[in-house]
Amino acid sequence: MAWIHEGRLDGEGLRLAIVVSRFNSFITQRLLDGALDCLERHGVETDEISIFWVPGAWEIPPLAIRVADTGEFDCVICLGAGIRGETPHFEYVSSESAKGVAQAAMLSDVPVIYGIITADTVDQAVARAGTKSGNKGFDAAMTALEMTSLYEAVADMEEIGVMAEMAPEAAAEEE
């Protein structure tokens, strides 16, 4: 029999951090608004949300890992917007911010969620920030809720020793 674990979308009692880029703020503000809407709808108290504004997407990962490492938050949501221009700058910033958030997520004991959109045009960015294509900030907050509950479930399992019971060797011995 398979052991199935799914995250919950219940934010009650959670303390969350949002690291958001000021660059392209006409987009990132919409992402932030979407994330806040999601969190509030799912029970996160507004006074349990801390927002950290950084200059641009490049600066998101180093602050995200520092915020995660404080132990004050159950999850860190990273929001930003990169819009392709006429130089290769977009590729460097987009790639490195994605790698940086992924690295922060791997090194942290709490979920670090990627909510940085990349778009070829302003119209595409606007569409992904709350018009035609939904709001990726809202989506990132949903992911944060789900992943936070999964991290908590795994921590609870480790605490009571359930993980050892789920090991393949233990399952084979039972048969």
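For every residue, the table says whether it meets (1) under 14 Å from PRO61 (Cα atoms); (2) surrounded by 24 or more Cβ atoms within 10 Å (Cβ to Cβ); (3) in contact with a Leu (Cβ under 8 Å, 6 or more places away or on another chain); (4) in contact (Cβ under 8 Å) with a residue 60 or more places away in the chain.
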| position | (1), (2), (3), (4) |
| --- | --- |
| GLU96 | yes, no, no, no |
| LYS99 | yes, no, no, no |
| GLY115 | yes, yes, yes, yes |
| THR121 | no, no, no, no |
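Quick test for you: out of ASP47, ASP10, pick the one residue that is in contact with a helix residue (DSSP H, G or I) (Cβ under 8 Å, 6 or more places away or on another chain) and charged (D, E, K, R).
Sole residue among the options that is in contact with a helix residue (DSSP H, G or I) (Cβ under 8 Å, 6 or more places away or on another chain) and charged (D, E, K, R): ASP10.
Looking at ILE77, ILE18, ILE51, ILE27, which one is over 22 Å from GLU146 (Cα atoms), β-branched (Val, Ile, Thr) and modelled with pLDDT of 95 or more?
Of ILE77, ILE18, ILE51, ILE27, the one residue that is over 22 Å from GLU146 (Cα atoms), β-branched (Val, Ile, Thr) and modelled with pLDDT of 95 or more is ILE27.
Restrict the check to the range 36-57 and report whether at least one residue is under 17 Å from SER94 (Cβ atoms) and surrounded by fewer than 15 Cβ atoms within 10 Å (Cβ to Cβ).
Yes, the range 36-57 contains a residue that is under 17 Å from SER94 (Cβ atoms) and surrounded by fewer than 15 Cβ atoms within 10 Å (Cβ to Cβ).
Looking at GLU91, GLU96, GLU146, GLU72, which one is under 21 Å from ASP10 (Cα atoms) and part of a helix (DSSP H, G or I)?
One residue alone meets the criteria, GLU146.
Residues to consider are ALA153, ALA141; find the one that is part of a helix (DSSP H, G or I), at pLDDT 95 or above and surrounded by 11 or more Cβ atoms within 10 Å (Cβ to Cβ).
Being part of a helix (DSSP H, G or I), at pLDDT 95 or above and surrounded by 11 or more Cβ atoms within 10 Å (Cβ to Cβ) holds for just one of ALA153, ALA141, which is ALA141.
Of the numbered conditions (1) part of a helix (DSSP H, G or I); (2) touching a strand residue (DSSP E or B) at 6+ places or on another chain (Cβ under 9 Å); (3) within 26 Å of LEU36 (Cβ to Cβ); (4) not acidic (Asp, Glu), ILE117 fails exactly one; give the number of that condition.
All conditions pass for ILE117, except number (1).
The values are calculated or read from the model by the stated rules, or taken from the named source; none is laboratory data. This one's a predicted model, so the numbers in the text were calculated from it and none came from an experiment. In this analysis, Cβ positions are derived from the backbone assuming ideal geometry, glycine residues included, and neighbour counts consider all displayed protein chains.
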